[in-house]
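These notes concern the structure reproduced below.
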Amino acid sequence: MKYLDEFSNPEVAGRLLEEIARTVTRPWAIMEVCGGQTHTIIRNGIDQLLPEGVELIHGPGCPVCVTPLETIDRALAIAARPDVIFCSFGDMIRVPGTAIDLFGIKSQGGDIRIVYSPLDAVKIAQENPDKQVVFFGIGFETTAPANAMTVVMARRLRLSNFSLLVSHVLVPPAIKVIMDSPAHRVQGFLAAGHVCTVMGTRQYGPIVEDYSVPIVVTGFEPLDVIEGIRRVIHQLEEGRAELENAYPRAVVEEGNHAAQQVINDVFTVCNRAWRGIGVIPQSGWKLSERYAEFDAELRFEVTNIVAHESAQCRSGDVLQGLIKPNECGAFGKECTPRMPLGAPMVSNEGACAAYYQFRRTEVVGIQ
Amino acid sequence: MSEFDLEGWTCPAPLRNQPNIVMGHGGGGRLSGELIENVFVPAFAGTQLASVLSQLGDAAVFDLGGARLAFSTDSFVVRPRVFPGGNIGDLAINGTINDVAMSGASPIAISVGVILEEGLAIEELGRIAAAMGVAARKAGVSIVTGDTKVVDRGHGDGIYINTSGVGLVPAGCDLGPHRVRPGDSIIVSGPIGMHGIAIMSVREGLEFGSDIRSDSAPLNGIVSNMIASGADIHMMRDPTRGGVAATLNEIALASGTGIEIIEHAVPVDEDVRAACGFLGLDPMCVANEGKLVAFVAADSCEALLDVMQRHPYGRGATSIGTVVEAHPGVVVAKTAIGGTRVVDFALAEQLPRIC
């Protein structure tokens, strides 16, 4: 797989960075929406190579990080049941709930399984007819088609022992909330490439127009990210605000039609709470009426569980780009990947974890 | 480490916020370290050679009857028991040979303890035992004592193996973090991450087609050539669980020096890189079972590389970085595009039960 080398080629990176340096005449603040891009930026040190004054603000695009505490607590309550096999993406296992995480539930005897593909959870349900199998279906638009396929398959296989705990979130409403916030400083966006692979780019046109803000659909390898930054900078310097696609090898304007169809069949738009940010109207998906029988929250009657977030954790400010992770008082002290207070310190894609993992020599000398 | 304060610890004590053992405690990373430091070391204190334990090397090194002995033990719980490039049997022999060899010693004798689960096919046990015999003969090490226990069905995964080994440390050979110093070159003996990915490729629920085979191999031969070369070697370690990242971090912390590596100099096979790419793993954090990391005085580096590259298990040996005075205890990588990043321990278990 050659793409790994080609998209981190140092000579090309150097040329793009030089062009950025030549183009920039004043400070700019650009938000990369997606946690995958944050990871690439920090892991490769891209922000260190940008001209002074060009600031990258890390957006709320880590699905693990924005899954509300309440949903985590509900997941933990379901996972602790002796009749349940609880399946999840690996990242969610260590996200702290109010009292414990899924690892803790596992050590107390809970049957927790990490799956790479959501459909593996359906297979586990087929193989364990005497158990209730629950899949923790989180993520942005990117993971929605595969998560949706689980209930389509479960219905086709007439599985009565499979259900989905859904906490899906959507990118465009989050961008609007950021732009509507009086405190925001964002002047341009790198939009999340994989979200657009599924949904296409059309949803972003109105945002560009309404807010006069450049949006460049951007990929995830180092050169992808640098190219996205280069294009946003050009637009800003030239006073343009347009929608551009810098990730054409994966994104077309209309997106993936088959994926959109299954999403529309299985999910319906709802209000959704984002961890650290609060409820954003029409910013999530829940199971549609047609698939309500597969809703784990209803099946296990956990909708009465409510939770309150740590007052110390400023993940909300981090996720909105108002502060950098190391500007939070708990960063690296009360809050580390080993004992995280908030979700951004947990996930690989979380801004706090990325700072802690890759940058801690620079920030207050934490070792 | 500043993030972990020892105040209020008693022994034996449950880990704070973690009253039970979680899989990560066996991962060789930070959680394992906390368990050893806070439960085992204090509990085992007060014996004559307790200071040997607290050095926490791969092998304990101490004088006995005029000889300098290296002694190590390791348990193997890998799942699945058979994987591309080996099985739990040869892995158990090679693993202990390598732990002994990293002290510079020649491994001489090995013990084998097996815990068998009721129902395991004797035919499979036979194949595992045969593989252990082949591995021992190939490495020139004798299996001299053993033990067998059987547990009820459902209380073990077919077979668990513990091996212990002893070896003789050559006169004048003193390796360890205390000898690591700024300016040292850091060598890795070949492409990394192969064992972990080979296991992953046949894991239930995750099988993916690949030709990646475990690098499981005895390293006593190459180590003996390295020692005999007279190169000024300061320290060696085999980067098993937690991979090269964990090994470099452990050494940086134990030696109080900083480590700087050139990320694109770290050898990773194309297939391993691709698999890590789609699994979301960092090859630096993936386990090896037939590689070593050596710290050597810079002026000996070229000569040592030459010796290593002539050995079948060191053909891909290459220098990946240097020891520095800056950022003591921290490993920093220069990235391909010219940035820098900290290389940390993988905190959570990336691949549980790989050895």
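Observations, loosely collected:
- Dividing the summed helix terms, -39500 (n - 2.57) for each DSSP H run of n ≥ 4, by the number of residues in the protein assembly as shown produces a 222 nm estimate of -9000 deg cm²/dmol to the nearest 500.
- Cα centroid separation, the range A:148-214 to the range B:323-343 (Å): 36
- Under 5 Å from the amide H of A:ILE323 lie the amide H atoms of A:VAL318, each residue being 5 or more positions distant or on a separate chain, with H modelled from the backbone and absent for Pro and chain starts.
- Structural descriptor for chain A: relative contact order 22 percent, calculated from alpha carbon pairs under 8 angstrom and at least 6 residues apart.
- Label-to-label distance for B:LEU168 and B:GLN309 is 3.3 nm, based on points extended 7 Å past Cα in the beta-carbon direction.
- Chain A: angle of helix A:257-266 to the longest principal axis, Cα-based, in degrees nearest 10: 40
- The distance linking the range B:19-35 with the range B:70-119 is 21 Å (Cα centroid to Cα centroid, whole angstrom).
- Here the Karplus curve 6.51 cos²θ - 1.76 cosθ + 1.60, taken at θ = phi - 60°, turns the phi angles of the range A:268-284 into couplings of 9, 5, 8, 6, 9, 7, 10, 4, x, 10, x, 6, 10, x, 6, 10, x Hz, with x standing for Gly and Pro.
- Förster-model FRET efficiency, 22 Å R0, B:ALA297 and B:HIS178, C-beta, rounded to 0.05: 0.90
- Projecting label points 7 angstrom from Cα along Cα→Cβ for A:ASN9 and B:THR145 puts them 6.2 nm apart.
- Placing unit charges on the Cβ atoms of the charged side chains and taking the dipole of the range B:55-124 about its Cα centre, the candidate lying farthest along the positive direction among B:LEU69, B:ASN98, B:LEU116 is B:LEU69.
- Gyration tensor over alpha-carbon atoms, chain A, equivalent ellipsoid semi-axes in Å: 35, 24, 18
- Mean partner shielding of peptide A:329-339, defined as the number of other chain Cβ atoms within 10 Å of each residue Cβ, is 3.
- In the range A:1-44, chymotrypsin sites (Phe, Trp or Tyr not before Pro) in a DSSP loop with at most 16 other beta-carbon atoms within 10 Å: none
- Across A:LYS123/B:LYS149; A:LYS123/A:LYS324; A:LYS131/A:LYS333; A:LYS123/A:LYS286; A:LYS106/B:LYS149; B:LYS138/B:LYS334, pairs whose alpha-carbon gap is larger than 31 Å: A:LYS123/B:LYS149; A:LYS123/A:LYS324; A:LYS131/A:LYS333; B:LYS138/B:LYS334
- Residues A:ASN271 and A:ARG156, FRET efficiency given R0 of 35 Å [Cβ-Cβ distance, rounded to 0.05]: 0.70
- In summary, no helical segment of chain B meets the span-like criteria, namely a full DSSP H run, a Cα extent along the axis of 15 angstrom or more and a mean Kyte-Doolittle hydropathy of at least 1.6.
- Each listed q (0.06, 0.08, 0.11 Å⁻¹) maps to a log10 I(q)/I(0) for the protein assembly as shown from the Debye sum over equal C-alpha point scatterers, namely -0.37, -0.67, -1.24.
- Between A:GLN282, A:GLN357, A:GLN261, the GNM of chain A built on Cα springs shorter than 10 angstrom shows A:GLN261 fluctuating the most.
- Exposed GluC sites (Glu not before Pro) absent: longest stretch of chain B, with sites in DSSP loops and at most 15 other Cβ within 10 Å deemed exposed: B:208-324
- Using a Gaussian network model of chain B in which every pair of alpha carbons under 10 angstrom is joined by a spring, one finds that among B:LEU35, B:LEU248, B:LEU304 the greatest mean-square fluctuation is at B:LEU35.
- Surface/4 estimate of mean projected area, convex hull on alpha-carbon atoms of the range A:79-122, nm²: 3.0
- Top of A:PHE136, A:PHE294, A:PHE89 by mean-square fluctuation, Gaussian network on chain A, Cα under 10 Å: A:PHE89
- Sites A:GLU52 and A:THR98 - FRET efficiency at Förster radius 30 Å, r taken between beta-carbons, to 0.05: 0.10
- Distance (nanometres) between label positions extended 7 Å along Cα→Cβ at A:LEU322 and A:ALA21: 3.6
- Among A:GLY110, A:CYS335, A:ALA146 the positive-end extreme of the charge dipole of chain A (Cβ point charges): A:GLY110
- Formal net charge of residues neighbouring A:LEU322 (Cβ-Cβ distance under 12 Å; K, R +1; D, E -1): +1
- Residue-count net charge about A:ILE85 - beta-carbon cut-off 12 Å; Lys, Arg +1, Asp, Glu -1: 0
- Label-reachable residues, the range A:276-310, where backbone N falls under 15 Å from a point 7 Å from A:ASP180's Cα toward its Cβ: A:277-284
- Scoring B:173-183, A:265-275 by mean Cβ neighbours within 10 Å over their residues and listing the highest first yields A:265-275, B:173-183.
- At full extension, B:ILE21 and B:HIS155 could sit 46.5 nm farther apart than now, given 0.36 nm per residue minus the alpha carbon distance.
- The charge dipole of the range B:240-355, taken about its Cα centre with unit charges on the Cβ atoms of Lys, Arg (+1), Asp and Glu (-1) only, comes to about 180 debye.
- Amide H to amide H distances under 5 Å link A:ARG113 with A:PHE86, A:CYS87, A:SER88, where only residues 5 or more positions off or on other chains count and H is placed in the peptide plane.
- In chain B, taking the dipole from charged Cβ atoms about the Cα centre, the farthest positive-side position among B:ALA59, B:LEU253, B:ALA287 is held by B:ALA59.
Since every read-out is calculated from the coordinates, none of them should be taken as a lab result. Computed from a predicted model, the values in this text were never measured in an experiment. Cβ sites come from the backbone with ideal geometry, for glycine too, and all protein chains shown count toward neighbours.
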